[in-house]
Amino acid sequence: LRVIVLGSAAGGGVPQWNCRCRICALAWDKDARVKRRTQSSLAVTINGEEFVLINASPDLREQIAGHAVLQPRSGLRGSPVRACVVTNADVDHIAGLLTLRERQNFDLYATQATLSALQANPIFDVLAPECVARKPVRLDEAFEPLPGLVLTPFAAPGKVALWQERENLEIGVEGETTVALELRCGSKRILYVPACAAATTSLREKIAGADVLLFDGTTFTDDELIAAGLMQKSARRMGHLPMSGRDGSAASLAGLDVGRKIFIHINNSNPVLIEDSPERRWTEQAGWEIAYDGMEIVL
Ligand code: MLT
Ligand code: MN
Ligand code: ZN
């Protein structure tokens with residue numbers, strides 16, 4: 001079971017096209033302490049020949065360019081990408097589907113809620129149905145997008161995508177709008193939770209005993225975007241549990257028996273992205289790694 005982190009950043013990436021916050025400014029200025037990061041996606045393989053993309057980032061074309069294993073290898077047309085699984089309808093997770101047009105056969109797996117969001121946007125019809133089979137997945141039901149790779153989606157507390165928000169927005173709903181994935185190969189188990197609004201008991205139970213946890217690391221503090229003058233929204237309002245604080249993710253997931261804990265889907269406002277920052281040290285001392293583009297996990 002091999003997981004390649006194609007994109008470790010949240011929506012916007014690092015640096016974000018229109019941002020000169022403290023962290024983006026360091027990234028624009030090529031300061032060695034802040035790595036450039038693309039938006040949220042993983043590539044998963046068992047045999048090194050066939051891959052599943054988990055989430056399709058707006059940066060997918062660049063991510064494929066950076067990873068020879070994802071490039072066409074023989075024949076006139078083809079791709080090692082056999083399937084794509086989408087965990088919610090956020091722009092950072094679906095926009096890359098448009099990059100996967102060009103009449104290539106692959107399977108597209110998502111919950112019915114996410115498939116309906118795609119269906120409501122006719123631009124996604126560019127993925128012709130005779131090439132791209134849209135396969136609904138159900139909560140807590142396993143499916144096998146590649147031989148030997150067993151994925152099980154489960155509800156992560158969340159909300160609808162930003163572009164779907166209306167007046168009656170509910171945050172922290174557990175259903176089909178935001179899912180996490182269990183990746184299993186034999187006895188090996190990786191949990192991927194790129195968006196999560198709360199560390200519920202059922203989520204903690206799922207996570208316990210995993211070999212690797214990849215968890216929502218959007219922000220360090222709940223109010224960091226507000227404090228930096230970037231936006232009037234807290235992390236929780238955006239459906240993301242902050243890392244720090246008494247009921248943040250580091251504290252809430254402490255003490256669980258997990259082989260490696262890795263923060264992923266990191267927003268450009270998050271000071272852990274500065275490699276010598278106190279927040280980075282705090283997070284590492286709490287037992288967490290910080291994902292970076294190109295990071296590989298092999299079990
Ligand atoms: C999020 O994870 O909160 C979203 O990706 C925000 C966005 O659409 O940029
Ligand atoms: Mn996102
Ligand atoms: Zn920024």
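The values are calculated or read from the model by the stated rules, or taken from the named source; none is laboratory data. Keep in mind the model is a prediction, meaning the values are calculated, not measured. Neighbour counts are summed over all protein chains in view; Cβ atoms, including those assigned to glycine, are modelled from backbone coordinates with ideal geometry. Note: areas computed on protein heavy atoms with side chains; ligands, DNA, RNA excluded. Shrake-Rupley method; radii C 1.70, N 1.55, O 1.52, S 1.80 Å.
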Output for Cβ contacts, cut-off 7 Å, separation at least six or different chains, first residue within 17 Å of residue 103 (Cα to Cα) in region 68-88, second open to solvent by 70 Å² or more (accessible area, probe 1.4 Å) and basic (Lys, Arg), reads 80/73
- Is there a residue being touching a helix residue (DSSP H, G or I) at 6+ places or on another chain (Cβ under 7 Å), modelled with pLDDT of 95 or more and farther than 23 Å from residue 13 by Cα anywhere in region 62-80? yes
By residue number, the members of region 95-144 that are in contact with a Leu (Cβ under 7 Å, 6 or more places away or on another chain) and within 16 Å of ligand 2 (Cβ to nearest atom) are 96, 97
Review point. Is it the case that some residue within region 201-216 is β-branched (Val, Ile, Thr) and within 13 Å of ligand 2 (Cβ to nearest atom)?
Key: no
Given (1) over 25 Å from residue 137 (Cβ atoms); (2) more than 16 Å from ligand 1 (Cβ to nearest atom); (3) open to solvent by 30 Å² or more (accessible area, probe 1.4 Å), residue 186 misses just (1)
Within region 216-236, is there a residue that is over 22 Å from residue 88 (Cα atoms), at pLDDT 95 or above, touching a helix residue (DSSP H, G or I) at 6+ places or on another chain (Cβ under 8 Å) and of a type in the set (Gly, Ala, Ser)? yes
Selection from region 26-50 of residues under 25 Å from residue 95 (Cα atoms) and of a type in the set (Asp, Glu) yields 49, 50
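Do you know which residues across region 269-290 are closer than 19 Å to residue 28 by Cβ, aliphatic (A, V, I, L, M) and in a loop (DSSP other than H, G, I, E, B)?
To start, the set of residues in region 269-290 that are closer than 19 Å to residue 28 by Cβ comprises 269-277.
Add one more test, that the residue is aliphatic (A, V, I, L, M), and what stays is 272-274.
Selection gives 274 alone.
Give the residues of region 216-225 that are closer than 24 Å to residue 182 by Cα and out of contact with any Cys (no Cβ under 7 Å at 6 or more places or on another chain), sorted by residue number.
Taking region 216-225 and keeping what is closer than 24 Å to residue 182 by Cα, we get 216-219.
217, 218, 219, listed by residue number.
Would you pick out the residues in region 223-243 that are open to solvent by 20 Å² or more (accessible area, probe 1.4 Å) and either within 15 Å of ligand 3 (Cβ to nearest atom) or farther than 20 Å from residue 16 by Cβ (or both)? Steps first, answer last, please.
Restricting attention to region 223-243, the residues satisfying the condition of being open to solvent by 20 Å² or more (accessible area, probe 1.4 Å) are 223, 226-234, 236-238.
Once the filter is applied, which keeps residues that are open to solvent by 20 Å² or more (accessible area, probe 1.4 Å) and either within 15 Å of ligand 3 (Cβ to nearest atom) or farther than 20 Å from residue 16 by Cβ (or both), region 223-243 yields 226, 227, 228, 229, 230, 231, 233, 236, 238.
For residues that are open to solvent by 30 Å² or more (accessible area, probe 1.4 Å) and either part of a strand (DSSP E or B) or touching a strand residue (DSSP E or B) at 6+ places or on another chain (Cβ under 7 Å) (or both), tally how many sit in region 120-137.
Our first condition is that a residue be open to solvent by 30 Å² or more (accessible area, probe 1.4 Å); within region 120-137, this holds for 120-123, 125-126, 129-130, 133-136.
Imposing the further condition that a residue be either part of a strand (DSSP E or B) or touching a strand residue (DSSP E or B) at 6+ places or on another chain (Cβ under 7 Å) (or both) reduces the set to 133-136.
Number of matching residues: 4.
Please go through region 240-265 and pick out each residue that is touching a Lys or Arg at 6+ places or on another chain (Cβ under 8 Å) and under 18 Å from residue 226 (Cβ atoms). Before the answer, list the steps.
Here is the first cut: in region 240-265, the ones touching a Lys or Arg at 6+ places or on another chain (Cβ under 8 Å) are 242, 252-253, 256.
Answer for region 240-265, where residues must be touching a Lys or Arg at 6+ places or on another chain (Cβ under 8 Å) and under 18 Å from residue 226 (Cβ atoms): just 242.
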Flagged pairs (Cβ under 6 angstrom, 6 or more apart or on separate chains; first in region 274-292, on the phi < 0 side of the Ramachandran plot; second in a helix (DSSP H, G or I)) are 277/271; 279/271; 279/272; 280/272; 283/272; 286/250; 290/272
It is to be established whether one or more residues within region 60-80 are within 16 Å of ligand 1 (Cβ to nearest atom) and either within 26 Å of residue 262 (Cα to Cα) or not basic (Lys, Arg) (or both).
yes
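Considering only residues that are part of a loop (DSSP other than H, G, I, E, B) and open to solvent by less than 20 Å² (accessible area, probe 1.4 Å), which ones fall in region 245-266? Steps first, answer last, please.
Looking only at region 245-266, we keep the residues that are part of a loop (DSSP other than H, G, I, E, B), and these are 245-248, 253-259, 265.
Result: 248, 253, 265.
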Going through region 1-50 in order, the residues found to be under 16 Å from the mean Cα position of the chain (by Cα) and hydrophobic (A, V, I, L, M, F, W, C) are 3, 4, 5, 6, 9, 10, 14, 42, 43, 44
